[in-house]
Amino acid sequence: MSDPSHRIVFYCAPYHASWMNQVEIWLSILVRRLLERANFTSVEGLQAKVLAFAEYFNRTMTKPFKWTYEGKALAA
């Protein structure tokens, strides 16, 4: 970064980091189905609900992921 006083910095995620899209999708599902209108009385309660949701999600909603990226291999 050339000027540390700039508040906004743009980054370009490389194509080989598309696994991050899957993380963003899962977090979006977590927010929409569990956290959006939730009320937790403790951090432990939040943690328990998130872990229970992850277990439920893995048991009932997961599907095999079809990898579609056919780009070039990374060069060092």
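Please tell me if VAL23 is loosely packed, with under 12 Cβ neighbours inside 10 Å and modelled with pLDDT of 90 or more. In short, no. Restricting attention to the stretch 37-61 and to residues that are over 18 Å from VAL23 (Cα atoms) and basic (Lys, Arg), the residue that is modelled with the highest pLDDT turns out to be LYS49.
Scanning the stretch 44-53 for residues that are closer than 18 Å to LEU27 by Cα and either touching a Leu at 6+ places or on another chain (Cβ under 8 Å) or exposed (fewer than 12 other Cβ atoms within 10 Å of the Cβ) (or both) gives GLN47, LYS49, VAL50, LEU51, ALA52, PHE53.
The values are calculated or read from the model by the stated rules, or taken from the named source; none is laboratory data. Everything numeric here is computed off the predicted structure, so don't read it as measured data. Cβ coordinates were reconstructed from backbone atoms using ideal geometry, including for glycine residues, and neighbour counts include every protein chain displayed.
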